[in-house]
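Scroll down for the structure; my scribbles are underneath it.
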Amino acid sequence: MAEARERWNMVRWKHTKKDYLIRGAIALAIIIFVIFLIAIVQSALMVNKYHKYVENYTDSINHAHKNGGIMVEHGGESFRLQKERASNLYNIVVTAGMGKTQKAPPEGADIYTLSFPDGSTMLLAETDIPEKNRENDVGVYISFTNKDGETYQYDTDLIDPGLIRKTLRP
């Protein structure tokens, strides 16, 4: 037994540069994998939230068509949005796609407030688009709060603010 222990003590693990490089490469691969995994999960969550917003917006539009329409408030005026214009607005907003999520409306914005009969609201305003990869310098800020109080806000440079004003005019 003592002889086996003595032989074991003679074995020394010598760490070579190759061992350290392999460990470093494995650690780097794990870090890169985790970063990509986080990015994929965040993207999936953002897309899921957007799809839920579109579903809620669709439900509110359909409910409005059957229950008195959408009330628009802007510049101290209130008026009912015609069904055809509400449908046009829906098509414009949904066709533009996801946009970039925002935390608050642009400061000092000229906001249109749309009130749906189910309790949902939508805010629309012209906004500057600061991103370098933008299509246009000016776009539209959109905030939709569903009947349960969940809010989805974003801006998009794929909608012309003039088209929104034209669609929402009394």
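The values are calculated or read from the model by the stated rules, or taken from the named source; none is laboratory data. Everything numeric here is computed off the predicted structure, so don't read it as measured data. A quick note on method: Cβ atoms are made from the backbone with ideal geometry, for glycine too, and the neighbour counts reach across all protein chains shown. Heads up: the accessible areas ignore ligands, DNA and RNA and are worked out on the full protein's heavy atoms, side chains in. Shrake-Rupley method; radii C 1.70, N 1.55, O 1.52, S 1.80 Å.
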Checked the range 118-137 for anything in a loop (DSSP other than H, G, I, E, B), in contact with a strand residue (DSSP E or B) (Cβ under 8 Å, 6 or more places away or on another chain) and surrounded by fewer than 17 Cβ atoms within 10 Å (Cβ to Cβ); matches are Glu131, Asp137
Result of the Cβ filter at 9 Å on the range 72-91, keeping first residues that are closer than 19 Å to Asn56 by Cα and among the charged types (D, E, K, R) and partners that are part of a helix (DSSP H, G or I) and open to solvent by less than 70 Å² (accessible area, probe 1.4 Å), at least 6 apart or interchain, is Lys83/Ala64; Lys83/His65; Arg85/Thr167; Arg85/Leu168
Restricted to the range 30-80 and to residues being in contact with a helix residue (DSSP H, G or I) (Cβ under 9 Å, 6 or more places away or on another chain) and among the hydroxyl-bearing types (Ser, Thr, Tyr), the residue least open to solvent (accessible area, probe 1.4 Å) is Tyr57
Sole miss for Asp19 among (1) open to solvent by 90 Å² or more (accessible area, probe 1.4 Å); (2) at pLDDT below 90; (3) of a type in the set (D, E, K, R) is condition (1)
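Name every residue in the range 69-83 that is within 14 Å of Pro170 (Cβ to Cβ) and out of contact with any strand residue (DSSP E or B) (no Cβ under 7 Å at 6 or more places or on another chain), in order of residue number.
The initial filter retains those residues of the range 69-83 that are within 14 Å of Pro170 (Cβ to Cβ), namely 69-82.
Gly75, Gly76, Glu77, Gln82, listed by residue number.
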Per the filter on the range 95-105, residues assigned to a loop (DSSP other than H, G, I, E, B) and either over 20 Å from Gly76 (Cβ atoms) or open to solvent by 60 Å² or more (accessible area, probe 1.4 Å) (or both) are Gly97, Met98, Gly99, Gln102, Lys103, Ala104
By residue number, the members of the range 138-156 that are without any contact (Cβ under 8 Å) to a residue 12 or more places away in the chain and either part of a loop (DSSP other than H, G, I, E, B) or crowded, with 21+ Cβ neighbours inside 10 Å (or both) are Asp148, Gly149
